[in-house]
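Let me begin by presenting the structure, written as structure tokens, before commenting on it.
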Amino acid sequence: MRVDVLPGIPPEGLDEAWDFYRETFEPLVKLAATRHLMTRGEFDTMMADPRVLKFVTRDSEGLTGLSVMTDDLDAVPLISPPYFQHHWPGLYADRRIIYCVFIGARRGPRGDGVFVALQSKIYARMVQPVRGVVVLDVCLWNERERNLPRAVESIVSAISGGAAKATRVDSQSYWLYEFPVAS
């Protein structure tokens, strides 16, 4: 399976990329408190930003996978580059922290093998050459229902020929406070 690496999605491919992205991540809008779906404007801006690489797989019917990765943490809205600089100053200074903005594969038979192919290309292109680390955010639903952190750990261990180790580096929780009616 071929994975293309692009600095940007060309304007004529934006609608298809947006449709794929929206279909892939829209279910999370009801499953996660944090917004996991960019607006169309944010998406178009990200797809045009050369600081983030786009990893794309296709079949004869269209897109089957899309991922956006960067070693320029300033390119990612809503993360804190100073957090990474403080905790991993050497990795940060050397731009060896690679942030996964998102990674998605088509559901069903057209998506078979796509998630692994994307991760293989990302590892070979961005991680292995600099001996980097990868950071991604995972909502509680994807952690509990899909065991996503451990699934990714298993895949990247196989890809890298070693034992990759997943470590939770931060967590965001949302709390609801209820106020019972006084009797």
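The values are calculated or read from the model by the stated rules, or taken from the named source; none is laboratory data. Keep in mind the model is a prediction, meaning the values are calculated, not measured. Here Cβ is always computed from backbone atoms with ideal geometry, including for glycine, and neighbour counts include all displayed protein chains.
Taken over the stretch 51-63, the residue count meeting the criterion of being surrounded by 12 or more Cβ atoms within 10 Å (Cβ to Cβ) and either modelled with pLDDT under 95 or out of contact with any Leu (no Cβ under 9 Å at 6 or more places or on another chain) (or both) is 6. Within the bounds of the stretch 72-84, is there any residue that is assigned to a loop (DSSP other than H, G, I, E, B), at pLDDT 95 or above and crowded, with 18+ Cβ neighbours inside 10 Å? Looking through the stretch 72-84, at least one residue is assigned to a loop (DSSP other than H, G, I, E, B), at pLDDT 95 or above and crowded, with 18+ Cβ neighbours inside 10 Å.
Output the number of the condition that residue 31 fails; it satisfies all remaining conditions of (1) in contact with a Pro (Cβ under 7 Å, 6 or more places away or on another chain); (2) within 29 Å of residue 173 (Cα to Cα). (1) is the only condition that residue 31 fails. Of the candidates 115, 20, the single residue that is of a type outside the set (Ser, Thr, Tyr), at pLDDT 95 or above, under 20 Å from residue 145 (Cα atoms) and out of contact with any Pro (no Cβ under 7 Å at 6 or more places or on another chain) is 115. Without any contact (Cβ under 8 Å) to a residue 24 or more places away in the chain and out of contact with any helix residue (DSSP H, G or I) (no Cβ under 9 Å at 6 or more places or on another chain): is that true of residue 108 in this structure? Here the answer is yes, as residue 108 does meet what is asked.
Rundown of residues vs (1) touching a His at 6+ places or on another chain (Cβ under 8 Å); (2) part of a loop (DSSP other than H, G, I, E, B), yes/no style:
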| residue | (1), (2) |
| --- | --- |
| 8 | no, yes |
| 12 | no, no |
| 16 | no, no |
| 29 | yes, no |
| 37 | no, yes |
| 42 | no, no |
| 46 | no, no |
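In the set 152, 181, 138, 130, only one residue is more than 29 Å from residue 107 (Cβ to Cβ) and surrounded by 10 or more Cβ atoms within 10 Å (Cβ to Cβ); that residue is 130. Look at the stretch 152-170: where a residue is on the phi < 0 side of the Ramachandran plot and a partner is assigned to a loop (DSSP other than H, G, I, E, B), sitting 6+ places away or on another chain with Cβ atoms under 6 Å, you get 153/164; 153/166; 156/164; 157/163; 157/164. Of the helices (runs of 4 or more DSSP H) lying entirely inside the stretch 87-183, those containing at least 3 residues that are out of contact with any Lys or Arg (no Cβ under 7 Å at 6 or more places or on another chain) and within 20 Å of residue 58 (Cβ to Cβ) are 114-122. A search for C-beta distances below 6 Å between a residue of the stretch 33-58 that is farther than 21 Å from residue 121 by Cβ and any residue that is hydroxyl-bearing (Ser, Thr, Tyr) and surrounded by fewer than 19 Cβ atoms within 10 Å (Cβ to Cβ), counting only pairs 6+ apart in sequence or on different chains, returns 33/174.
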